[in-house]
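Okay, so here's the structure we're looking at.
The values are calculated or read from the model by the stated rules, or taken from the named source; none is laboratory data. All values derive from a computational prediction rather than experimental measurement. Every residue, glycine among them, receives a Cβ derived from its backbone with ideal geometry; neighbour counts consider all protein chains shown. For accessibility, only protein heavy atoms count, side chains too; no ligands or nucleic acids. Shrake-Rupley method; radii C 1.70, N 1.55, O 1.52, S 1.80 Å.
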Amino acid sequence: MPQALAVAKYTLLELTRRRLVFVIVAIGVALVAGLGIAPHVLPGDHTDQDRVIALLTGLQGVVPTAMTLCAFAVGMTVMNHDLDSGAVVSIFAKPISRASYTGGKLIAATGLLLLISAIFTSGSLIVVAANGGSVYGVVFWTCAALAANIVLLMLLVMILTVYINNVVAAALVLVFNYLAAQTQSLHAMVQHNVITDAIARTLVNIAYWGVPHELISNLQRQIMQMQLDTRELVVGATCDGHGSCYNPLDRVPGASGAVDIIFWAGYLVALGLVLFWAVRRKQV
Amino acid sequence: MAPVVAVEDLRKRYRARDPYVVDSVSFSLEPGEAFGLLGPNGAGKSSIVKIIAGLTRPSSGRVTLLGGSPQDPAARAALGFAAEEPDFPKYLCADEVLDYFGRLLGLPASERRRRVSEALEWSTLAGERRQVRHFSKGMKQRLGLAQAILGRPKLLILDEPTADLDPLGRRDVRDLISGLKAQGTTVLLNSHLLSEVERVCDRVSIMARGKILKEGPVQELVPEGRTLEEVFVQLFDASAQARDAGLPAFIAENQPRPGSI
């Protein structure tokens, strides 16, 4: 354990000295601050509700992008720089197990990502408070879900960098992440009977359980509900000709449930084990 | 007394379709001796030292390091390894690298501070505040040697330790090896610089294409009036396939004189 902590300490020190992560965080924080200030300085007669809707919509674009970029930046460098430069030769010749080394790297990388997530969460909550507040819970859980999602992305990039160039690894994970998101959308269509073909439904269901499930909060539903409230619209049950009725708001994805969270945890453990195995097998 | 390193019938190839880079190699290192591993590029020397240091697994055969398996971290506790073309975490300074490695060696804080300071002085890197990414090859090599001796190893493996060093650095390495030998440390030296090997090693093993061609004490292998380099070249030529050692043909071709068309 002391050796894993030594690896974690000096990995964190190295990560804090690389400017890329901090440039991304600085730009992200500046954009979040800009979103918070904009409704106060832009001309127009805005209600608190309008400001919060605009703010949440903006945060929905900025925060995930910045946090995902940070995850890629950390994942691409945290282990690959040691492997690529040959530093790992001197490290592995010391009396440290590969498991301790990998554990130390994971502690450092995950710790930094959680710190970055905490910065964005705090920033988002502050700008929400400055614009009327009232949706702290959904903002907090949105950032928490994002933090969970980016840890998986970072792990995927880390695993690939054990074998291949880190830029190629990042590109592959980007493609995989896109395909995973599309699979989730298709799965939602299957659940709402938009896709009715039996073979297509089976294929989508199989694919769905092969990719990580992006954890989400009620943010999307909250924004839609607020938009409806602003226009004083009441959405009731809609019935089709066959007598089946639904509330259109139900079609907007809600917060991830226990199954998704357990699946995320299982994926996390599986990827962690693959990373340990990859480093253990690595010949340097 | 048990050997520090025992290598028995060691074979290594990196892919199933490749030839063996180390082929049925056996030798052992006794406590306090300096052993030189010699051979041309691709002879398999670096593969052997990497297997001994636990960095790579053998395809077959058996290697014992200080009574244990090289894959076992405990067996590497008394190992110092200075890699060929060493590198370190790029964004750390020399003292941080040594502190990092001192922690990996399990040194207590006060002892770590003392050894780091002394190792920096010895390697002439004391006061160097730049990060490793700004180091020259020679500075990295000195840092590589400093980290290798940090744990007061019973076995010190030096893989081409003087390749990027100036004459003063080479002298320091010679003095280091002599000093460690006097303390009872076993030294495994892997080098192309045969004059260096001849000066410091008690025993040498000459390799080519993964096999040991000859092994023995330096005095026995090098007859009176000859050098280790001459013996090495003679042995290697005798084992190598016939090749035309002449210059490439294009060198001898008539070239147009400057200015002519």
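For the list (1) free of Cβ contacts under 8 Å to residues at least 60 places away in the same chain; (2) open to solvent by 10 Å² or more (accessible area, probe 1.4 Å); (3) at the interface with chain A (Cβ under 10 Å from one of its Cβ atoms), I need the number of the one condition that B:Arg130 fails.
(3)
Would segment B:66-75 turn up any residue that is open to solvent by 10 Å² or more (accessible area, probe 1.4 Å), at the interface with another protein chain (Cβ under 7 Å from one of its Cβ atoms) and in contact with a strand residue (DSSP E or B) (Cβ under 7 Å, 6 or more places away or on another chain)?
For segment B:66-75, residues open to solvent by 10 Å² or more (accessible area, probe 1.4 Å), at the interface with another protein chain (Cβ under 7 Å from one of its Cβ atoms) and in contact with a strand residue (DSSP E or B) (Cβ under 7 Å, 6 or more places away or on another chain): present.
Go through segment A:166-194 and report how many residues are more than 30 Å from A:Leu125 (Cβ to Cβ) and free of Cβ contacts under 8 Å to residues at least 40 places away in the same chain.
Looking only at that region, the number is 15.
Could you check segment B:142-177 and list, in sequence order, the residues that are free of Cβ contacts under 8 Å to residues at least 60 places away in the same chain, away from chain A (no Cβ under 12 Å) and buried (at least 24 other Cβ atoms within 10 Å of the Cβ)?
B:Arg142
Can you confirm whether segment B:20-37 contains a residue that is at positive phi and among the small types (Gly, Ala, Ser)?
Yes - at least one qualifying residue is present in segment B:20-37.
Checking B:Leu228 against (1) closer than 30 Å to B:Gly61 by Cα; (2) surrounded by fewer than 20 Cβ atoms within 10 Å (Cβ to Cβ), only one condition comes out false. Which one?
Only one criterion in (1) closer than 30 Å to B:Gly61 by Cα; (2) surrounded by fewer than 20 Cβ atoms within 10 Å (Cβ to Cβ) is unmet by B:Leu228, namely (2).
Restricting attention to segment A:50-65, which residues are buried (at least 23 other Cβ atoms within 10 Å of the Cβ), touching a Gly at 6+ places or on another chain (Cβ under 8 Å) and not β-branched (Val, Ile, Thr)?
If the condition is that a residue be buried (at least 23 other Cβ atoms within 10 Å of the Cβ), touching a Gly at 6+ places or on another chain (Cβ under 8 Å) and not β-branched (Val, Ile, Thr), then A:Leu55 is the only one that fits.
Failed condition for A:Tyr163, given (1) closer than 30 Å to A:Val89 by Cα; (2) assigned to a helix (DSSP H, G or I), with all others met?
The failed condition is (2).
If I go through segment B:54-64 residue by residue, how many of them are touching a Lys or Arg at 6+ places or on another chain (Cβ under 7 Å) and either open to solvent by 20 Å² or more (accessible area, probe 1.4 Å) or not β-branched (Val, Ile, Thr) (or both)?
Selection size over segment B:54-64: 5.
Quick one: in segment A:124-134, which of the residues that are open to solvent by 10 Å² or more (accessible area, probe 1.4 Å) and assigned to a helix (DSSP H, G or I) is modelled with the lowest pLDDT?
A:Ala129
Against the condition open to solvent by 70 Å² or more (accessible area, probe 1.4 Å) and at pLDDT below 80, how does A:Asp250 come out, does it pass?
Yes.
Grab the strands (runs of 3 or more DSSP E) fully contained in segment B:11-122, keeping just those with 3 or more residues being without any contact (Cβ under 8 Å) to a residue 60 or more places away in the chain and over 14 Å from B:Leu150 (Cβ atoms).
Those strands (runs of 3 or more DSSP E) span B:60-65.
Answer with yes or no whether B:Lys137 is over 30 Å from B:Ala2 (Cβ atoms), open to solvent by 20 Å² or more (accessible area, probe 1.4 Å) and touching an Asp or Glu at 6+ places or on another chain (Cβ under 7 Å).
Taking the combined requirement at face value, the residue satisfies it.
So the check is Cβ under 6 Å with 6+ separation or different chains; which pairs have a first residue in segment B:180-200 that's polar (S, T, N, Q) and a second one that's open to solvent by 10 Å² or more (accessible area, probe 1.4 Å) and not in a loop (DSSP other than H, G, I, E, B)?
B:Asn190/B:Lys45
Looking at (1) open to solvent by 20 Å² or more (accessible area, probe 1.4 Å); (2) within 26 Å of B:Leu150 (Cα to Cα); (3) among the hydroxyl-bearing types (Ser, Thr, Tyr), find the lone condition where A:Thr110 falls short.
Here A:Thr110 meets the rest and fails (2).
Which numbered condition trips up B:Leu107, out of (1) open to solvent by less than 10 Å² (accessible area, probe 1.4 Å); (2) of a type outside the set (Gly, Ala, Ser); (3) within 13 Å of chain A (Cβ to nearest Cβ)?
Single failed check for B:Leu107: (1).
Kindly establish whether B:Leu193 is under 15 Å from the mean Cα position of the chain (by Cα) and within 23 Å of A:Ala87 (Cα to Cα).
It is false that B:Leu193 is under 15 Å from the mean Cα position of the chain (by Cα) and within 23 Å of A:Ala87 (Cα to Cα).
Residue under question is A:Ile96, and the condition is that it be out of contact with any Phe, Trp or Tyr (no Cβ under 9 Å at 6 or more places or on another chain), under 30 Å from B:Lys50 (Cα atoms), surrounded by fewer than 18 Cβ atoms within 10 Å (Cβ to Cβ) and modelled with pLDDT of 90 or more; does it hold?
Criteria not met by A:Ile96.
Select from segment A:145-164 the residues that are surrounded by fewer than 22 Cβ atoms within 10 Å (Cβ to Cβ) and either of a type in the set (Ser, Thr, Tyr) or without any contact (Cβ under 8 Å) to a residue 12 or more places away in the chain (or both) and list them in ascending order.
A:Tyr163, A:Ile164 - these are the residues of segment A:145-164 that are surrounded by fewer than 22 Cβ atoms within 10 Å (Cβ to Cβ) and either of a type in the set (Ser, Thr, Tyr) or without any contact (Cβ under 8 Å) to a residue 12 or more places away in the chain (or both).
Taking the condition within 11 Å of another protein chain (Cβ to nearest Cβ), under 15 Å from A:Lys94 (Cβ atoms) and open to solvent by 50 Å² or more (accessible area, probe 1.4 Å), does B:Gly80 pass?
no
Going by what's in this entry, would A:Ala188 be described as more than 14 Å from every other protein chain (Cβ to nearest Cβ) and either open to solvent by 20 Å² or more (accessible area, probe 1.4 Å) or modelled with pLDDT of 95 or more (or both)?
yes
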